[in-house]
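Written below as structure tokens is the structure these notes are about.
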Amino acid sequence: MKDRPAIEGGRPRRSSLLPYGRQSIDEDDVRAVAEQLRSDFLTTGPTVERFEAAFAKAVGAKHAVAVANGTAALHLMARAAGLGTADRATTTPMTFVATSNAVLYVGAEPDFADVDPETGLLGPEAARGTLTATTRALITVDYTGQPVDYGAFKDLADERGLAWLSDAAHALGAEVGGRRVGPQADLTMFSLHPVKHVTTGEGGVVTTDREDLAARLRLLRNHGMDREAAKRFGPARAYYYEVVDLGYNYRLTDIQCALGLAQLRKLDGFLDRRQRLAARYTKELGDLDGLRVPSLRKGVRHAWHLYVVRLDLGRLRVSRDRIFEALRAENIGVQVHYIPVHLHPYYRERSRPGTVTLPHAESWYEQILTLPLYPGMTDADQDDVIEAVRKVLAWYAR
Ligand SMILES: *Cc1c(COP(=O)(O)O)cnc(C)c1O
């Protein structure tokens, strides 16, 4: 006899909600922040520089620039790449809206290319199909933590003279050809939001091997203020600086960077735990009727920010939304990543009605569910997810 799901009057698998993601903070993190609070610097002191150096080293890039949040990182990347009102940038619809919003912030126009139906990733050929004479940048997204085809995007950017910006908000610690994601694109961003791999509360980092771009990011994050200008004068103008561009206050604080440094020391352990949890999901759910586990690209190390399964709707009597609701009733905090950006009202209204249809992204959206995955999740928590998914899918099987 089938076990009755909670939504059909059965007993929920858990008594409290298991979130899809959350931070892992320990006493070492608490101590690091407390120590910073007792120091001379709360914002933009030596701890920001130490954090940037540690971050650059962690991903194997020459430069890391810390900023207020991941969205600010994307905005500054669009500025540093020189995107402006006459320009277009190609990106993916299967992302958080901040990716394409950054293009709009600088007055440029985003074009969405359809995703690969197996991985949900932006593919180089689909991106190529959207390029126009005014396209100036490619913005790839390592969706769920799986790197896109870096070699092919580099070739495409070089061939067409485009800036290549990488949204690696999901992909801290992911690898391509044995190297971590970070130095490959012109500019690469990471988010330090609590659900991401390491956190500073809010925060973002841009990495690059290009000194000129790193300098430009540092200028733009601090009001466009050039303090080097004071060196042209003597001590009588020690106060001097020049505003040489329109910048912002996008600084990250020393308090946050103290937390970031403590978190970064634990990154490898976090990645291992995420990897282990993902492997167990794949092992336990891989043969289940009505569900497909994530497809892996060859030659990459997945960073497993998200574990996204696809429902095989032909084998189920109900839609994804019913399965979602049923799992929430079991107290499993499933999520949907993402509603494709081009379907949001603001984006629909910007494009001429009916002009943007992206069949793979749209059918992907109807099938996907994100299962809980974060380092602090216990094996017992994961058992709850696995059992709840089995119960719900068995009940609604065709
Ligand atoms: C989290 C995230 C961002 C934005 O980061 P914030 O730090 O929240 O501003 C951008 N892109 C993607 C794909 C993300 O997941």
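Each value in this text was obtained by applying a stated rule to the coordinates, not by laboratory testing. Remember, it's a predicted structure, so these values are computed and weren't measured experimentally. Glycine also receives a Cβ, built like all others from the backbone with ideal geometry; neighbour counts cover every protein chain displayed.
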In whole Hz, the Karplus estimates of ³J(HN,Hα) for region 244-249 (6.51, -1.76, 1.60; θ = phi - 60°; x where Gly or Pro) are 10, 7, 7, x, 9, 9
For Ile139, Ile323, Ile255, which order do you get if you count the other beta carbons within 10 Å of each Cβ and list the fewest first?
Ile255, Ile323, Ile139
Extension gain Thr357-Arg31, at 0.36 nm per residue separation less the Cα-Cα distance, in nm?
112.3 nm
Taking every other residue with Cβ under 13 Å from the Cβ of Val293 and scoring Lys and Arg +1, Asp and Glu -1, one gets -1
Sort 387-394, 150-157 by packing, meaning the average of other beta carbons within 10 Å per residue, with the highest value first.
387-394, 150-157
Counted neighbours (other Cβ, 10 Å), sorted fewest up, put Phe55, Phe270 in the order Phe270, Phe55
Separation of region 58-78 and region 351-398 by C-alpha centroid, Å?
30 Å
Rounded to the nearest Å, the spacing of the alpha-carbon centers of region 194-259 and region 1-56 is 26 Å
Looking at the square roots a ≥ b ≥ c of the eigenvalues of the Cα gyration tensor of region 272-320, which shape do they give, rounded for a/c under 1.5, prolate if a/b is larger than b/c, or oblate?
prolate
Helix 254-264: inclination vs the chain longest Cα principal axis, degrees, rounded to 10, gives 50 degrees
HN-Hα couplings for region 33-39 via Karplus (6.51, -1.76, 1.60; θ = phi - 60°), in whole Hz with x for Gly/Pro, come out as 5, 4, 4, 4, 5, 8, 8
Would you pull out the residues with amide H under 5 Å of Lys62's amide H, same chain only if 5 or more places away, H placed 1.01 Å from N?
Thr208, Asp209
Taking neighbour Cβ counts within 10 Å as the exposure measure, how do Trp364, Trp395 sort from fewest upward?
Trp395, Trp364
Table column - 3J(HN,Hα) (Hz), region 58-68, Karplus curve with 6.51, -1.76, 1.60, x for Gly and Pro:
4, 9, x, 10, 6, 10, 9, 10, 8, 9, 4
If amide H atoms are modeled at 1.01 Å from N in the peptide plane, then the residues at a separation of 5 or more from Glu118, or on another chain, having amide H under 5 Å from its own are none
Partners for Lys57 among lysines (Cα-Cα distance below 20 Å; same-chain residues under 8 apart left out):
Lys196, Lys266
Running a GNM on the chain with Cα contacts under 10 Å, which residue among Arg310, Arg232, Arg274 ends up with the highest mean-square fluctuation?
Arg232
Using alpha-carbon coordinates, inclination of helix 320-329 to the longest axis of the chain, degrees
90 degrees
